[in-house]
Amino acid sequence: MMNEEDINKRVFLLAIYKKLPDESLMDVTESLVNTGMFDLKEGKKILEALKEKQYIVNDQLTVKGIAVATEAEAEFKL
């Protein structure tokens with residue numbers, strides 16, 4: 001079973017995957033904060049963790065990040 005932090009990371013990657021071309025990572029972070037998923041401090045911490053683990057490089061999802069995002073998308077559609 002996934003813990004809350006894992007779910008937040010997967011949702012974050014999915015939100016980045018689905019973002020509009022003109023949206024920044026900060027826009028995505030703020031939109032997730034606005035949903036009540038986490039506060040801004042926690043959102044920034046998760047974003048940093050995703051960058052450190054190479055899911056995001058140069059503000060773009062890596063192949064690894066895309067793989068997790070598409071997996072999460074399929075899982076959440078169930």
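Assorted remarks:
- The accessible-area ordering, largest first, of the residues Thr29, Thr70 stands as Thr70, Thr29, per a 1.4 angstrom probe.
- Using a simple spin-label model with pseudo-atoms 7 Å out from Cα toward Cβ, Leu78 and Met26 lie 3.7 nm apart.
- Annotation: per residue accessible area for the stretch 1-65 equals 65 Å², rounded to a whole number [probe 1.4 Å, protein chains only].
- Positive contributions from Lys and Arg (+1) and negative ones from Asp and Glu (-1), summed over other residues with Cβ under 13 Å from the Cβ of Val33, come out at -1.
- Size estimate for the chain follows the Kirkwood approach: the inverse of mean 1/r over distinct Cα pairs works out to 12.4 Å.
- For the chain, built as a Gaussian network whose Cα springs stay under 10 Å, the top-fluctuating residue of Val68, Val28, Val57: Val57
- Helix-only [θ]222 nm of the chain, DSSP H runs n ≥ 4, -39500 (n - 2.57) each, per residue, nearest 500: -21500 deg cm²/dmol
- Candidates Asp22, Asp59, Asp39: whichever shows maximal mean-square fluctuation once the chain is modelled as a Gaussian network with Cα springs under 10 Å: Asp22
- Accessible surface of the chain, 1.4 Å probe, proportion on carbon and sulfur as whole %: 53
The values are calculated or read from the model by the stated rules, or taken from the named source; none is laboratory data. Bear in mind the structure is a predicted one, so any value in this text is a computation, not a measurement. With ideal geometry, Cβ positions are generated from the backbone for all residues, glycine too; neighbour counts draw on all protein chains shown. Please note that ligands, DNA and RNA were not included when accessible areas were found on the heavy atoms of the full protein model with its side chains. Shrake-Rupley method; radii C 1.70, N 1.55, O 1.52, S 1.80 Å.
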